[in-house]
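Q: For reference, the structure I am asking about is given below.
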Amino acid sequence: MEERLLNMICVGCPVGCDIKVAVEDTKVLSVEGNNCPRALEFAKAEVANPTRVFATTVRVSGGKLPVCPVRSRQAVPKNRLFDISREVARLVVPAPVEVGQVILPDACGTGVDIVASRDLKTEEESA
Ligand code: SF4
């Protein structure tokens, strides 16, 4: 199997180091450009099963605002982000919305819930 060099940004902390990761198939051979050893674990996870926290907005009916920010409770497989986005885009949630309220349970079979990131009152409550 051929060795490849991948450019990544480590998200292990807010520093966001630019790292170069040498891989062979799904095996990480080396990491360069990192400021600490956590980049190796990040690179291994990123190569084997990349995940991301999903965040977007969902439409709300009868609310003070027309949309409410939502996010996944945990990181979801990166290759499912588009499917989850499509499902959330179909939803219209009635106000009021409470922070932490489940908007989409078990998003696309990932086992991860999409939840509201903030409270959103009804039009009447905010008048
Ligand atoms: S390599 Fe270390 S310092 Fe750099 S972003 Fe990753 S966790 Fe942060």
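Please treat every number below as a calculation from the coordinates, not as lab data. In this text the structure is predicted, and so the values were computed from the model without any measurement. Cβ placement follows ideal geometry from the backbone for every residue including glycine, while neighbour counts extend to all protein chains displayed.
Q: Spot the failing condition for Ala75; the list is (1) away from the ligand (no atom under 16 Å from the Cβ); (2) under 14 Å from Ile114 (Cβ atoms); (3) of a type outside the set (D, E, K, R), and only one is missed.
A: (1)
Q: While we're here: Which ones in the stretch 100-127 are in contact (Cβ under 8 Å) with a residue 60 or more places away in the chain and among the small types (Gly, Ala, Ser)?
A: Ser117, Ser126
Q: Look through the stretch 1-21, keep the residues that are more than 30 Å from Ala89 (Cβ to Cβ) and touching a Cys at 6+ places or on another chain (Cβ under 7 Å), and return whichever of them is farthest from the ligand (Cβ to nearest atom).
A: Ile19
Q: For the stretch 22-46, give me each residue that is more than 8 Å from the ligand (Cβ to nearest atom), under 22 Å from Val76 (Cα atoms) and either touching a residue at least 60 places away in the same chain (Cβ under 8 Å) or crowded, with 16+ Cβ neighbours inside 10 Å (or both).
A: Residues satisfying the conditions are Val28, Leu40, Ala43, Lys44, Glu46.
Q: Within the stretch 86-127, track down each residue that is surrounded by 15 or more Cβ atoms within 10 Å (Cβ to Cβ) and small (Gly, Ala, Ser).
A: Within the stretch 86-127, Ala95, Ala107, Ala116, Ser117 meet the criteria.
Q: Residue check: is Ser72 touching a strand residue (DSSP E or B) at 6+ places or on another chain (Cβ under 6 Å) and exposed (fewer than 13 other Cβ atoms within 10 Å of the Cβ)?
A: So Ser72 does not fit the description; no.
Q: For the stretch 64-89, what are the residues that are more than 25 Å from Ala48 (Cβ to Cβ), free of Cβ contacts under 8 Å to residues at least 60 places away in the same chain and basic (Lys, Arg)?
A: Arg86, the sole residue that qualifies.
Q: Quickly run through the stretch 26-48 and pick out the residues that are touching a helix residue (DSSP H, G or I) at 6+ places or on another chain (Cβ under 9 Å) and assigned to a loop (DSSP other than H, G, I, E, B).
A: Thr26, Gly33, Asn34
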